[in-house]
Amino acid sequence: MEHGIVSVIIPLFTIIVAIWSKDVVISLLGGAFFGFLALNGYNPASAFIALFDGVVGLFSEGWIVKTIIFIMLVGSIMEILSRSGAVDEFVDFLSQKAQKIDSPRGAMMLAYVIGLVIFIESSITVMVASIVAKPLCDKNGVSREKLAYICDSTSAPVCSMLPLNGWGALLLGLITASIASGVIAGDPIKILLEALLFNFYAIFTIIMVFAVIYKDINIGPMKNALPKPYVPSSAQTKPNPKPWNMVLPLVVLIGAVPVGLYLTGDGDIFKGSGSTSVYYAVIITLLFTYIYFVSKKLITHKDYFESVYNGLGDMIPITIVMILAFLIGKVTGDLGTAKYLASMVGGTISPAVIPLLIFLLSSVMAFATGTSWGTFSVMMPIALALGGAMDIEPALMVATVISGGVFGDHVSPISDTTIISSMAAGCENIDHVNTQLHYALIAAGLSAIAFLIAGFFV
């Protein structure tokens with residue numbers, strides 16, 4: 001059943017509330033409620049019951065449950081690595097090795113490489129890269145603002161390009177939800193992998209950061225950013241820190257995913273179950289970390305399970321967002337939003353410019369709310385529904401939301417990664433925003449052109 005203009009007003013209301021309140025949970029919950037209100041004859045009592053019954057109904061879907069468990073257990077793994085000292089020892093190891101690349105370019109390239117190889121979680125990427133490279137940057141006259149730019153630009157962009165992490169789980173879940181509702185057809189893993197080829201903002205940003213480091217390019221306010229005086233560290237570190245306590249669990253986690261895809265796909269990795277693969281990957285990693293860390297006395301049995309519980313708790317906000325994102329995706333499908341949007345814009349807006357418009361809208365929303373994940377959750381169902389109705393390549397539509405979400409989050413002064421990047425690098429948040437903005441706008445401008453071209457030829 002289609003609900004005409006109401007089917008468009010409700011997701012539009014969700015976006016506006018998210019921008020206004022800067023609270024994705026409230027916007028998703030409100031959008032879902034008004035969606036159920038329309039679906040239940042505008043009876044508030046029925047809509048209220050349908051809303052919370054709808055939440056419970058989501059857990060009848062195995063892939064949703066597995067995806068949610070994956071997200072929460074990733075938090076447990078990160079907490080175990082932190083409490084066991086694995087992260088600190090890894091930072092010490094890199095800090096000692098960093099002395100071998102004692103130059104301005106070497107200091108910046110160290111932060112860049114760390115950003116590329118630690119893609120399990122954007123905040124961890126920023127923290128490790130900043131902590132390791134900051135002393136070397138100070139010693140070689142590299143400004144803290146330049147360091148913050150490098151760390152910020154190789155966190156979310158890289159995580160969105162190598163989604164064997166929470167990012168991938170969220171994106172796979174959103175794509176799978178659209179497939180399950182009949183909005184689009186295809187294999188979610190294949191769609192996500194193909195979308196990475198169109199993730200223009202991440203691609204241009206990663207390339208640009210390398211060029212900025214190699215050629216020491218300073219534009220806009222970055223020209224006036226001054227380095228901090230170098231103060232040698234007096235901190236005591238282990239004489240021979242090793243990276244393996246941090247590296248091995250991540251290798252197990254990352255390596256288990258393609259193995260799971262191969263097994264669940266009966267030998268074809270592209271036909272495997274993404275939700276099942278990441279679900280068992282975190283379970284295997286938790287078992288590995290328990291045996292490895294407890295046997296080496298890096299963590300006690302009690303501390304291990306306290307870390308598991310604390311890590312689960314840390315991921316509750318993200319889990320709530322995911323649940324509500326799945327719910328609003330189902331609601332918009334039941335409202336017939338896609339068909340109505342297609343009939344409304346058909347003949348007035350060329351399908352070729354739709355990817356560009358979605359990229360711009362996602363960018364604005366992420367900038368205003370300061371969250372890329374929240375933007376994905378709201379915009380992905382809408383983008384895929386519109387793309388499916390207008391016969392636009394699903395992978396391209398997925399990429400427009402990812403790129404827009406990452407760009408908007410990247411330049412938002414209220415974004416968690418923006419704040420963490422400035423704090424970890426040791427500069428003022430507003431200085432980081434101002435010095436990074438010009439680089440980000442160049443990458444976004446190139447992305448906009450690329451999405452417009454892709455709209456005509458893909």
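The values are calculated or read from the model by the stated rules, or taken from the named source; none is laboratory data. This one's a predicted model, so the numbers in the text were calculated from it and none came from an experiment. Neighbour counts are summed over all protein chains in view; Cβ atoms, including those assigned to glycine, are modelled from backbone coordinates with ideal geometry.
Exactly one residue out of Ser130, Ser76, Ser46, Ser60 is surrounded by fewer than 23 Cβ atoms within 10 Å (Cβ to Cβ) and either in a helix (DSSP H, G or I) or in contact with a helix residue (DSSP H, G or I) (Cβ under 9 Å, 6 or more places away or on another chain) (or both): that is Ser46. The residue of the range 270-307 that is surrounded by the most Cβ atoms within 10 Å (Cβ to Cβ), among those that are β-branched (Val, Ile, Thr) and farther than 26 Å from Ser377 by Cα, is Thr289.
The condition of being modelled with pLDDT of 85 or more, out of contact with any Leu (no Cβ under 6 Å at 6 or more places or on another chain) and small (Gly, Ala, Ser) holds for Ala399.
Residues in the range 180-187: is at least one within 30 Å of Thr337 (Cβ to Cβ), modelled with pLDDT under 90 and of a type in the set (Val, Ile, Thr)? Spell out how you get there, then give the answer.
Step one: filter the range 180-187 for residues within 30 Å of Thr337 (Cβ to Cβ), giving 180-187.
Narrowing the set further to residues that are modelled with pLDDT under 90 leaves 180-187.
Then keep just the ones that are of a type in the set (Val, Ile, Thr); that gives 183-184.
Taking every residue of the range 180-187 in turn, at least one turns out to be within 30 Å of Thr337 (Cβ to Cβ), modelled with pLDDT under 90 and of a type in the set (Val, Ile, Thr).
One line per residue, one yes/no per condition, for (1) at pLDDT below 85; (2) in a helix (DSSP H, G or I); (3) of a type outside the set (Gly, Ala, Ser):
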residue	(1), (2), (3)
Thr125	yes, yes, yes
Pro135	yes, yes, yes
Glu145	no, yes, yes
Asp152	no, yes, yes
Pro157	no, yes, yes
Pro163	yes, no, yes
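List pairs: first in the range 84-98 and free of Cβ contacts under 8 Å to residues at least 40 places away in the same chain, second in a helix (DSSP H, G or I) and crowded, with 21+ Cβ neighbours inside 10 Å, Cβ under 8 Å, 6+ apart or cross-chain? Cβ pairs passing all conditions: Ala98/Ala107; Ala98/Leu110; Ala98/Val132; Ala98/Ala133; Ala98/Leu136. Only residues that are at pLDDT 75 or above, surrounded by 15 or more Cβ atoms within 10 Å (Cβ to Cβ) and of a type in the set (Gly, Ala, Ser): list them for the range 326-354, please. If the condition is that a residue be at pLDDT 75 or above, surrounded by 15 or more Cβ atoms within 10 Å (Cβ to Cβ) and of a type in the set (Gly, Ala, Ser), then Gly336, Ala352 are the ones that fit. Taking every residue in the range 398-415 that is in contact (Cβ under 8 Å) with a residue 40 or more places away in the chain and outside any helix (DSSP H, G or I) and pairing it with any residue that is buried (at least 23 other Cβ atoms within 10 Å of the Cβ) and among the charged types (D, E, K, R), at least 6 positions away or on another chain, the pairs with Cβ-Cβ distances below 7 Å are Ser415/Asp409.
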